[in-house]
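So the structure is just underneath, and the comments pick up after that.
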């Protein structure tokens, strides 16, 4: 049995529960992390791991509490999940006091979200430091793998049953290239506009821009973004194409007349975005979690569907692995400069995370159909799209920060 699974089972058993499945978030703490005064900073990549934190007004601080089991004290506690508008950032407080012992750096905190065999679920947390009699080294290797050395700020989000992590040749080469770019410090943007941050990094790596504006490095997708939350680029990005399984066999002309709207010229058109709420044509996506299916509906009538496993296969084909490079930015002498600071590697796209993004209307499906005068129908495909690029990283079940504080 996987040693990480053994650890998780024992952790859950200590709370009187039996483990069914679990995922974890682990982080090597920085000097600004502790148990309570500052709390543990939660990276944006881990936001979806923790409970929702309602933020009604982004200009105001917010706090939400959630229960968790402390593995060291063997007690149930209520943790505080805090949003600070000044930075902005999120932190978790009311943790075990061992995290305050900075003299014993490096310090490690582990959060486990477990599903139990009785149908319930819950959070657990554990921690260790270099003064824990070798426990830090054991837990770090379990969470991060033997190939990674502990450095302040490193984190991982992963299912407990995922394979042990070790960088392969393409990722090792990409990390070497990132280190060279990072060593250059502040770099003038090689292009104006939002795409400059990615174009500059790719150019320095020797990657030629392709027609799809997709930066692939030996099978690894590269996405660059600004370091601070709230400054990422807007605009939808295509995930993949997947047509529904139609429940009724219709010609293309009859199909567009069933779902579209007639223009003043008498021709029908359906350029429509679908979410889990009805749009102006009455079209919507209905998630059937138990049946592992998404129904395409008009009003209350199902027109077709997608099975989760079909969508999961398409997602894995198009986005199997990626790195997210984060850069600081500054303006100087009418120039924009970037300093490439952080790199997070992601793999194992998750259909469950995909469905959560659909449910929250951060992934949409689109019809792009129009009728021609001769009665034929022009169809630009059946794209599934993210409403903003920043959500792409949330699709991956395995995420590990490999560079940067």
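The values are calculated or read from the model by the stated rules, or taken from the named source; none is laboratory data. For clarity, every value in this text was computed on a predicted model and none was experimentally measured. Heads up, the Cβs are rebuilt from the backbone with ideal geometry, glycines too, and the neighbour counts pull from every protein chain shown.
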Enumeration of residues in the range 153-174 that are closer than 30 Å to residue 206 by Cα, touching a strand residue (DSSP E or B) at 6+ places or on another chain (Cβ under 8 Å) and assigned to a loop (DSSP other than H, G, I, E, B) = 153, 154, 165, 167
Which is surrounded by fewer than 21 Cβ atoms within 10 Å (Cβ to Cβ) and either in contact (Cβ under 8 Å) with a residue 40 or more places away in the chain or assigned to a strand (DSSP E or B) (or both), of 374, 341?
-> 341
Top-ranked residue in the range 379-391 [being at pLDDT below 90 and touching a strand residue (DSSP E or B) at 6+ places or on another chain (Cβ under 6 Å); ranked as surrounded by the most Cβ atoms within 10 Å (Cβ to Cβ)] = 389
Residue identified as outside any strand (DSSP E or B), at negative phi and either out of contact with any helix residue (DSSP H, G or I) (no Cβ under 9 Å at 6 or more places or on another chain) or in the same structural domain as residue 194 (by TED's automatic domain parsing) (or both) among 347, 317, 366 = 317
From the list 357, 405, which one is part of a helix (DSSP H, G or I) and either over 22 Å from residue 297 (Cβ atoms) or modelled with pLDDT of 90 or more (or both)?
-> 357
Any idea how many residues of the range 97-134 are surrounded by 20 or more Cβ atoms within 10 Å (Cβ to Cβ) and assigned to a loop (DSSP other than H, G, I, E, B)?
-> 0
For the range 8-36, which residues satisfy the criterion of being under 26 Å from the mean Cα position of the chain (by Cα), part of a helix (DSSP H, G or I) and surrounded by fewer than 21 Cβ atoms within 10 Å (Cβ to Cβ)?
-> 9
